[in-house]
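All of the numbers you see were taken from the coordinates with simple rules; none came from a lab. These figures come from a predicted structure and were not determined experimentally. Here Cβ is always computed from backbone atoms with ideal geometry, including for glycine, and neighbour counts include all displayed protein chains.
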Amino acid sequence: MVRFRGLHIVAGIVAMGVAAALGILMDLNNTAVFTSSCVVYVAVSLCVQSRLTKFRTQLQGLPKHLPDGVTLERTGDRTTEHPAEHLRSGEGNAA
């Protein structure tokens, strides 16, 4: 099964078209229509991408927020936590 990863781009293009149509209906000049359409494209794309990322993270069962100093490392299908205190020798601060 192929996963489509460009949903945020499609949503941005649709929003850009709607913004362009509204700008034309409001009798804006071409520069204003283009500029507002581009702004709407970026805003909607970033918003949809953010929401999709949160949704996919929840589906994978990964925690949203980790305590300070804890990182996630992916190994195959498992995700393991590595606190900063348990770094191997030679890694981390040189103090």
field: Filter pass, Phe34 being within 22 Å of Arg56 (Cα to Cα) and aromatic (Phe, Trp, Tyr)
entry: no
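Being surrounded by 11 or more Cβ atoms within 10 Å (Cβ to Cβ) and either over 20 Å from His8 (Cα atoms) or of a type in the set (Lys, Arg) (or both) is the filter here, so list the residues in segment 23-41 that pass it.
The answer is Gly23, Ile24, Leu28, Ala32, Val33.
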query: Has segment 28-38 got at least one residue that is outside any helix (DSSP H, G or I) and on the phi > 0 side of the Ramachandran plot?
result: no
